[in-house]
Amino acid sequence: NPGLEKDLVLEGWEAKESYFSYRVNDYDSNFGIDGYNHQGNPDLYFNMELKRDVITPFITYMIPLLLIALLIFIALFTEVKVDTDPSEILKYSASLMLILMVAHVSLRDSLTASGIIYIEYFYIIMYLVVLAVSLNALLFASDKKIPIIDYENNVIAKIIYWPVIMTLVLLVTIKTFY
C-alpha cells in the first residue's frame, strides 16, 4: 500500500491496495498559461481500493430488527382470547415500537445521506408489521366475530406472517436496486 499512512483510520473500511496511475484529460481551461496545450496531457492519480466492513452494520442494525420480528411472531402465539386486557396488547406493541424508533433514529444520526436509504425500509416494514399484528391481536381479543381472524385460533395470521415480511423485503429490494 504505497502512499498510505501505517496508522490510517478508515472507520468501517479496510484499505485493500493503493497505487498510482496516469489518465489523459482534456480540459477546457488554459490554467492561466498562454499557449497551453489542451490535449494529451496526462494527470497523475492516486488510487485507493477499499473494502466495506459489513459485519458491524449488520450486527448493529439488522440483528435488532430480526429479534423484534421474532418477538412479534412469538406474540402471535400467545392466547389473547381469554381474559385479556386490550391495554396489555397496546403496551407490548408500544414498547416494541419505541425500540424500533430509537434504533431508527440511531441509524439516521449515523448517516449523512438524505432521503430514505435501503436499510431504512426494513424499519418502515417493521413499523407496519407491529401495527398490523397489534390490530390483529386487538380484533382477536375483542368480542366481535371476524371469521378470518377467529379461524382456528388466528392461524391465518400465523401462517402469513413470514411470507408477508419476506415479500415486502423482496419488493423493497427490487424497487431499490432495479
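The values are calculated or read from the model by the stated rules, or taken from the named source; none is laboratory data. Since the structure is predicted, the reported quantities are computational estimates derived from the model, not experimental observations. Note: ideal-geometry Cβ built from the backbone for every residue, glycine included; neighbour counts use all protein chains shown. With ligands, DNA and RNA removed, areas are computed over all heavy atoms of the protein, side chains included. Shrake-Rupley method; radii C 1.70, N 1.55, O 1.52, S 1.80 Å.
Among the conditions (1) under 18 Å from T60 (Cα atoms); (2) not in a helix (DSSP H, G or I), the only one that Y123 does not satisfy is (2). Filter segment 119-175 down to the residues that are open to solvent by less than 60 Å² (accessible area, probe 1.4 Å), of a type outside the set (D, E, K, R), more than 24 Å from L67 (Cα to Cα) and without any contact (Cβ under 8 Å) to a residue 60 or more places away in the chain and list them by number. Correct list: L139, S142, I146, I149. Flag: F58 matches the condition of being under 30 Å from I159 (Cβ atoms) and under 21 Å from the mean Cα position of the chain (by Cα). Name the residues in segment 6-34 that are outside any loop (DSSP other than H, G, I, E, B) and of a type in the set (K, R), would you? Those that are outside any loop (DSSP other than H, G, I, E, B) and of a type in the set (K, R): K16, R23.
Scanning segment 1-44 for residues that are polar (S, T, N, Q) and either surrounded by 10 or more Cβ atoms within 10 Å (Cβ to Cβ) or touching a Gly at 6+ places or on another chain (Cβ under 7 Å) (or both) yields a total of 6.
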